[in-house]
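Notes follow once the structure below has been shown.
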Amino acid sequence: MSLITKNLRVLVVGCGNMGASHAAAYHNLDGFEICGIVSTGNSKVVLNEKLGGGYPLFSDYEEALAQTKPDAVCISTYPDTHEPFAVKAMESGAHVFIEKPLADSVEGAQRVADAAKKYGKKLLVGYILRYHPSWERFIELSSEMGKPLVMRMNLNQQSQGAKWTVHRNLMKSLSPIVDCGVHYIDVMCQMTRSKPLQVSAIGARLSNDIPEGNYNYGQLQIRFEDGSVGWYEAGWGPMMSETAFFVKDVIGPKGSVSIVAKEAG
């Protein structure tokens, strides 16, 4: 008796850096099959060619859902579309893999989680640091430092040209401290295994190229029930310093451990 396995049919939505990476994985891994590629611009055509061509292309997300009827949807679009796209996918019967952040508000994230429960669908957020060997080791070593912990983390990205365009587009819906910070707050929670009690933050708008009310530099501080504290800093743009861009430290009563930028692999 032979066992016949059915490929998981995935609709890829968003064809930027992460969307293209996920599509390449689905294209190359056994057990997966891309049933369609969605983007509003030309990026889907470029991605399709890189993958050898032949995949159905769509500009309209809902049309793609209706035509392809996927088993799962991979969402790598700008954050302001995450919530509606995820909910629509689950309503249509598909599981969801979604890039972080889950939504552009706490309430929106809760609505996505509620939809997963309502429709009985799997929902996975792309917290890549949970599967990165350096970060797995970093978190493991932090448990040997004692308590309380002091966690110092930042990622300031000097971006010009095309990269600044990407960052400006992201800042139409979120700030860098939210877009990137979700990774590092998640890491801090894993390190402390404790409940956050208090978060405070500051920000500065260093460019007129971004919407009023948003900011391209921010820093937050967080305090945990076990007495641990941490800070995270993020900035995007051509004005950002190239020297103070990468800090990844955790300090405890028994010592400290760091990821060093040039040795981060």
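Remarks
- Where a residue in region 120-136 is closer than 23 Å to A94 by Cβ and its partner, wherever it lies, is part of a strand (DSSP E or B), with Cβ under 6 Å and at least six apart: K121/H95; K122/H95; L123/V96; L124/F97; V125/I98
- In summary, E212 fulfils each of the numbered conditions (1) out of contact with any Ser or Thr (no Cβ under 9 Å at 6 or more places or on another chain); (2) under 20 Å from V106 (Cα atoms); (3) not in a strand (DSSP E or B) with the single exception of condition (2).
- Within region 36-60, tally of residues that are more than 22 Å from L123 (Cα to Cα) and either outside the structural domain of S105 (by the TED database) or open to solvent by less than 30 Å² (accessible area, probe 1.4 Å) (or both): 5
- Single condition L155 does not satisfy, out of (1) at pLDDT 95 or above; (2) on the phi < 0 side of the Ramachandran plot: (1)
- If you go through region 44-84 and keep only what is of a type in the set (S, T, N, Q) and closer than 16 Å to G16 by Cα, you end up with N48, S59, S76, T77, T81.
- Members of region 66-75 found to be in contact (Cβ under 8 Å) with a residue 60 or more places away in the chain, open to solvent by less than 20 Å² (accessible area, probe 1.4 Å) and either out of contact with any strand residue (DSSP E or B) (no Cβ under 6 Å at 6 or more places or on another chain) or not aliphatic (A, V, I, L, M) (or both), listed by number: P70, C74
- Across region 86-96, the number of residues qualifying as open to solvent by 20 Å² or more (accessible area, probe 1.4 Å) and under 13 Å from K117 (Cα atoms) comes to 4.
- Reported count of residues in region 139-176, each being open to solvent by 60 Å² or more (accessible area, probe 1.4 Å), assigned to a helix (DSSP H, G or I) and within 23 Å of D249 (Cα to Cα), is 1.
- Any hit, region 25-35, residues being at positive phi, assigned to a loop (DSSP other than H, G, I, E, B), more than 22 Å from the chain's Cα centre (by Cα) and not assigned by the TED database to the domain that holds V166: yes
- Subset of region 186-215 (residues that are open to solvent by 90 Å² or more (accessible area, probe 1.4 Å) and touching an Asp or Glu at 6+ places or on another chain (Cβ under 6 Å)): K195, L197
- In region 172-192, the residues that are assigned by the TED database to the domain that holds G218 and modelled with pLDDT under 90 form Cβ pairs under 6 Å with partners that are of a type in the set (D, E) and not in a helix (DSSP H, G or I), at six or more places apart or across chains, as follows: S173/D104.
- Screening region 59-118 for residues that are outside any helix (DSSP H, G or I) and among the aromatic types (F, W, Y) and picking the one that is modelled with the lowest pLDDT gives Y78.
- Between E99, E33, E83, E63, the distinction of being open to solvent by 70 Å² or more (accessible area, probe 1.4 Å) and either touching a residue at least 40 places away in the same chain (Cβ under 8 Å) or touching a helix residue (DSSP H, G or I) at 6+ places or on another chain (Cβ under 9 Å) (or both) belongs to E33 only.
- Top-ranked residue of region 232-265 - restricted to ones that are of a type in the set (A, V, I, L, M) and in contact with a helix residue (DSSP H, G or I) (Cβ under 7 Å, 6 or more places away or on another chain), ranked as surrounded by the fewest Cβ atoms within 10 Å (Cβ to Cβ): A264
- Of all residues in region 196-205, none satisfies being in a loop (DSSP other than H, G, I, E, B), farther than 23 Å from F245 by Cβ and in contact (Cβ under 8 Å) with a residue 24 or more places away in the chain.
The values are calculated or read from the model by the stated rules, or taken from the named source; none is laboratory data. Fair warning: this is a prediction, and the values are worked out from it, not measured in the lab. So basically every Cβ, Gly included, is an ideal-geometry build from the backbone, and we count neighbours across all protein chains shown. Just the protein is used for accessible areas: all its heavy atoms, side chains included, with ligands, DNA and RNA removed. Shrake-Rupley method; radii C 1.70, N 1.55, O 1.52, S 1.80 Å.
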